[in-house]
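Remarks on the structure that follows.
The values are calculated or read from the model by the stated rules, or taken from the named source; none is laboratory data. Keep in mind it's a predicted model, so treat the numbers as computed, not measured. Here the Cβ positions follow ideal geometry from the backbone for every residue, glycine too, while neighbour counts run over all protein chains shown.
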Amino acid sequence: MRIRPYIPGKDYEYVSKWIDNERTHAFWSANLLPYPMTQNSFHGLLEKNSIDWTDSAYVATENNGQPIGFFCYSVNTEDNIGFLKFIIVDKTKRGKGYGKEMLNLALQYAFQITGAKAVQLNVFNENPLAKQCYEKIGFVERHIDKGVFSYKDELWSRCNMIISKD
């Protein structure tokens, strides 16, 4: 597996197919994008976040170049803590270790290339498979904001997790 910068004209067609239902979309985007997302809405959000938060978008690929995962990353230069968001793996690859491998590469990049001392992310408590993946890598719960996100008739809690450089 490799990671490389997201190429809008090449990679959107893959990422857009990995989210095939409204609940998965909400877990992934916290409804910062309309469902179903469009290429314009997705690229507009990526551009806004690159300006507002210095986010960069990446894809994870198989060795043959086929995209199988996506995430955004930025580092806050004031506290030197990185932030991962919009983490997703091809729906046909979930539960097979691809997410763990992708995130380990992302952490390697964060710690070795950007010099972050720690990396954080947010996950909804109602998404236990994602949370378990993050815990297996070494992320630990920092705090939970209870009932902060409304999805249909549910209130979800947001868990902030962090991992520090060894």
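If only residues of segment 63-74 that are surrounded by fewer than 22 Cβ atoms within 10 Å (Cβ to Cβ), within 14 Å of the chain's Cα centre (by Cα) and not small (Gly, Ala, Ser) are counted, the one that is farthest from Lys100 (Cα to Cα) is Cys72.
Quick grid of which residues meet (1) in contact with a Cys (Cβ under 6 Å, 6 or more places away or on another chain); (2) in contact (Cβ under 8 Å) with a residue 40 or more places away in the chain; (3) of a type outside the set (D, E, K, R):
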| site | (1), (2), (3) |
| --- | --- |
| Gln120 | no, yes, yes |
| Ala130 | no, yes, yes |
| Val140 | no, no, yes |
| Asp145 | no, no, no |
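Selection of first residues in segment 46-62 that are closer than 24 Å to Gly97 by Cβ and of second residues that are in a helix (DSSP H, G or I) and of a type in the set (A, V, I, L, M, F, W, C), restricted to Cβ pairs under 6 Å at least 6 apart or on distinct chains, gives the following pairs, ordered by first then second residue: Ala57/Leu46; Ala60/Met102. Among the residues in segment 128-149, are any part of a helix (DSSP H, G or I), of a type in the set (Phe, Trp, Tyr) and under 26 Å from Glu78 (Cα atoms)? Within segment 128-149 (the criterion being part of a helix (DSSP H, G or I), of a type in the set (Phe, Trp, Tyr) and under 26 Å from Glu78 (Cα atoms)), the answer is yes, since at least one residue qualifies.
Tell me the residue from Phe83, Phe70 that is modelled with pLDDT of 95 or more and touching a Ser or Thr at 6+ places or on another chain (Cβ under 6 Å), please.
Values: Phe70 fails: touching a Ser or Thr at 6+ places or on another chain (Cβ under 6 Å).
Every option except Phe83 fails the conditions.
Which one is nearest to Tyr6 (Cα to Cα), of the residues in segment 33-46 that are out of contact with any strand residue (DSSP E or B) (no Cβ under 9 Å at 6 or more places or on another chain) and of a type outside the set (S, T, N, Q)?
Just the residues of segment 33-46 that are out of contact with any strand residue (DSSP E or B) (no Cβ under 9 Å at 6 or more places or on another chain), to begin with: 33-44.
When the remaining residues are screened for being of a type outside the set (S, T, N, Q), the result is 33-37, 42-44.
Working: Leu33: 18, Pro34: 21, Tyr35: 21, Pro36: 20, Met37: 17, Phe42: 12, His43: 11, Gly44: 14 Å.
Within segment 33-46, the match that is nearest to Tyr6 (Cα to Cα) is His43.
Of everything in segment 1-29 that is small (Gly, Ala, Ser) and surrounded by 11 or more Cβ atoms within 10 Å (Cβ to Cβ), the residue that is farthest from Glu126 (Cα to Cα) is Ser16.
Only one entry in Leu103, Leu121, Leu107, Leu155 is buried (at least 18 other Cβ atoms within 10 Å of the Cβ) and assigned to a strand (DSSP E or B), namely Leu121.
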